[in-house]
Amino acid sequence: MDLDLSRAKLEARFDHLDRRITFWMARHGLRIMRLSLGVVFLWFGALKLFPDLSPAEDLVRETTYFVDPNWFIPVLALWEMAIGLGLIAGKFMRITLLLLFLQMPGTALPLVIKPDAVWTHFPYALTLEGQYIIKNLVLVGAGIVLGGTARGGGLDPEPEPDDEIGRP
């Protein structure tokens with residue numbers, strides 16, 4: 001009987017801790033995601049303003065051979081920095097996310113135009129550049145989550161079932 005009581009206390013403590021952590025994540029997660037995504041875009045964009053500083057510069061040059069890199073790379077840098085600043089500021093989110101979603105297909109161009117730079121063994125083994133490109137799926141996912149809150153929504157750590165819609 002004592003064992004059952006101890007187990008119940010342990011489960012109650014775990015549940016209390018789990019709720020605190022979950023509520024903290026729900027309260028701060030979107031802001032942390034927005035800020036960290038903003039830092040990535042601002043940083044990666046700023047690197048492109050300085051020749052030979054961005055590890056992606058050669059890949060951009062080789063992939064966008066149909067435009068002059070002397071103007072394209074600085075424009076891309078400013079574009080990415082605008083996305084980063086918009087995310088960090090948390091202002092003009094619809095425009096910021098539109099810029100993000102317009103930019104993302106361009107990051108996938110090497111998959112088609114420079115497959116030798118992306119794959120060591122197609123379709124399962126990626127080069128470092130390929131991993132750099134595929135990780136953009138996470139950026140797109142984060143953008144979609146942030147877009148889902150553009151009308152003021154947020155995360156609910158304990159949603160009540162909604163029988164009318166049939167989802168939590």
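The values are calculated or read from the model by the stated rules, or taken from the named source; none is laboratory data. Given the structure is predicted, the values throughout are model-derived calculations rather than measurements. No Cβ is skipped: glycine too gets one built from the backbone with ideal geometry, and neighbour counts run over all protein chains shown.
Tabulated data for the structure shown
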| quantity | calculated |
| --- | --- |
| Any chance residue 56 is closer than 15 Å to residue 133 by Cβ and surrounded by 18 or more Cβ atoms within 10 Å (Cβ to Cβ) | yes |
| Answer residue from the range 102-118, given it is exposed (fewer than 13 other Cβ atoms within 10 Å of the Cβ) and of a type in the set (A, V, I, L, M, F, W, C) and is modelled with the lowest pLDDT among those | 112 |
| Answer residue from the range 19-35, given it is more than 21 Å from the chain's Cα centre (by Cα) and surrounded by 12 or more Cβ atoms within 10 Å (Cβ to Cβ) and is nearest to residue 139 (Cα to Cα) among those | 23 |
| Those residues of the range 5-55 which are assigned to a loop (DSSP other than H, G, I, E, B) and out of contact with any Ser or Thr (no Cβ under 9 Å at 6 or more places or on another chain), in sequence order | 49, 50, 51, 52, 53, 54, 55 |
| Number of the condition not met by residue 38 [criteria: (1) touching a residue at least 12 places away in the same chain (Cβ under 8 Å); (2) loosely packed, with under 12 Cβ neighbours inside 10 Å; (3) not hydrophobic (A, V, I, L, M, F, W, C)] | (2) |
| Failed item in (1) closer than 30 Å to residue 20 by Cα; (2) touching a helix residue (DSSP H, G or I) at 6+ places or on another chain (Cβ under 8 Å), with residue 129 passing the rest | (1) |
| Extreme residue, farthest from residue 145 (Cα to Cα), among residues of the range 75-92 that are surrounded by fewer than 18 Cβ atoms within 10 Å (Cβ to Cβ) and aliphatic (A, V, I, L, M) | 75 |
